[in-house]
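Okay, structure first, notes after.
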Amino acid sequence: MMKVGLVYDPVYLTHNTGLHVEIAKRLEWIISYLEQTGLRQQLVPVEPRAATIREIALIHQRQYISHIEAVAKEGGGWLDADTVMSANSYEAAVYAAGGAIKATEAVIDNTVNSVFALVRPPGHHSTRDQAMGFCLFNNIAIATRYAIMKYGLERVAIIDFDVHHGNGTQSAFYDDPKVLYISVHESPFFPGTGFIQETGSGLGRGTTVNIPLPPRSSDSEYLAAFEQVIVPATARFRPQLIMVSAGYDCHWVDDMAYMLESTTGFAKSVQVIKDLADACCSGRIVMVLEGGYHPLALPHSVKATFDVLLGETNIEDLLGDPPHDSDRPDVQPLLTSIRELHGLS
């Protein structure tokens with residue numbers, strides 16, 4: 001029986017964003033559905049903790065960390081046009097980063113085979129010294145750097161399937177040969193990064209792989225991206241651990257973006273990642289929640305993700321496929337170019 005972990009704590013609900021799209025109810029929807037379906041009882045609880053300043057500073061400037069803390073002490077406020085804080089947001093963000101760290105420890109220490117950290121605020125847009133895109137601290141980047149430093153890992157792969165490009169994660173590891181960052185995302189779209197020519201620099205040249213899919217890409221386009229680019233790139237890198245920025249805002253009923261992926265499509269993508277992890281790193285997967293904003297699509301897709309991690313093959317998709325659209329994009333030329341650019345042909 002596969003042991004699959006769940007990181008969650010009510011502290012993540014205290015990040016009060018008001019009338020924002022990234023709200024506490026996102027996690028409440030998920031937890032409620034996991035309990036309703038009986039799936040939560042099948043998961044191993046992994047208790048989060050607060051990340052230390054030193055751990056957060058593995059990715060972020062200390063002056064920036066102090067700024068986020070100060071804004072919270074002042075009662076919160078808007079950091080940019082998209083990103084807002086409340087009085088409790090700093091604590092929630094510190095626990096989000098710590099939750100990702102605890103998830104990583106649980107997998108590497110073999111407490112669980114894989115784990116999903118259901119945390120907020122999300123993280124993959126936050127850079128060394130800037131909050132953006134709803135993100136305060138870059139949870140997955142902090143946990144990745146922590147794993148490399150604490151456990152001496154030499155190769156960690158990060159697969160990001162949020163609908164938005166994880167510019168903060170990319171910048172954190174752009175020149176780092178120990179981290180393979182692969183992002184499949186909608187383009188053109190926020191934050192305006194993630195082009196195929198962004199492949200890394202210095203010793204990290206070639207360890208950044210971007211797959212900017214056009215709007216209205218559906219399950220078949222995503223699966224082609226996984227099979228033709230993500231699988232060979234990850235297999236060649238031979239990671240000792242796979243980290244996943246799991247964003248579900250590319251679901252066809254989620255109006256955050258213009259993609260047409262289904263719950264079944266997410267399950268297929270996670271199955272590809274699971275197969276990669278089984279082949280490369282003894283099944284070690286750490287998933288960290290990023291986007292996903294629809295009250296049905298998000299919990300259903302997260303449950304489908306857990307089902308795959310648990311070895312379930314019968315995936316329930318209550319929302320079904322998107323309405324038929326004959327105007328699907330042809331992504332093959334794009335995928336061929338990426339394969340040629342990265343020597344995957």
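Of note:
- Reported count of residues in the stretch 275-318, each being part of a loop (DSSP other than H, G, I, E, B) and either charged (D, E, K, R) or touching a strand residue (DSSP E or B) at 6+ places or on another chain (Cβ under 8 Å) (or both), is 10.
- Filtered residue count, the stretch 9-28, keeping only those that are under 17 Å from HIS300 (Cα atoms) and either modelled with pLDDT under 95 or buried (at least 20 other Cβ atoms within 10 Å of the Cβ) (or both): 2
- Qualifying position, being crowded, with 20+ Cβ neighbours inside 10 Å and polar (S, T, N, Q), among THR305, THR313: THR305
- From the options VAL119, VAL94, residue that is crowded, with 24+ Cβ neighbours inside 10 Å and either closer than 19 Å to LEU6 by Cβ or acidic (Asp, Glu) (or both): VAL119
- Lone qualifier among LYS102, LYS73 - being among the basic types (Lys, Arg) and in contact (Cβ under 8 Å) with a residue 24 or more places away in the chain: LYS102
- Which listed residue, of ILE65, ILE59, is within 24 Å of ILE148 (Cβ to Cβ), not in a loop (DSSP other than H, G, I, E, B) and not hydroxyl-bearing (Ser, Thr, Tyr): ILE65
Every residue, every condition in (1) of a type outside the set (Asp, Glu); (2) surrounded by fewer than 24 Cβ atoms within 10 Å (Cβ to Cβ); (3) modelled with pLDDT of 95 or more; (4) not in a strand (DSSP E or B), yes or no:
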| site | (1), (2), (3), (4) |
| --- | --- |
| THR169 | yes, no, yes, yes |
| SER183 | yes, no, yes, no |
| ILE196 | yes, yes, yes, yes |
| LEU203 | yes, yes, yes, yes |
| PRO212 | yes, yes, yes, no |
| SER220 | yes, yes, yes, yes |
| GLN228 | yes, yes, yes, yes |
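- Of the residues screened, GLU55 is not one that is loosely packed, with under 13 Cβ neighbours inside 10 Å, over 17 Å from SER301 (Cβ atoms) and in contact with a Lys or Arg (Cβ under 9 Å, 6 or more places away or on another chain).
- Which listed residue, of SER183, SER201, is more than 17 Å from SER337 (Cα to Cα) and of a type in the set (Gly, Ala, Ser): SER201
- Scanning the stretch 118-167 for residues that are among the β-branched types (Val, Ile, Thr), touching a Lys or Arg at 6+ places or on another chain (Cβ under 9 Å) and not in a helix (DSSP H, G or I) returns a single hit, VAL156.
- Looking across the stretch 68-85, the residues that are part of a loop (DSSP other than H, G, I, E, B) and within 21 Å of the chain's Cα centre (by Cα) come down to ASP82, THR83.
The values are calculated or read from the model by the stated rules, or taken from the named source; none is laboratory data. Worth saying up front: this structure is predicted, and the values here are computed from it rather than measured. So basically every Cβ, Gly included, is an ideal-geometry build from the backbone, and we count neighbours across all protein chains shown.
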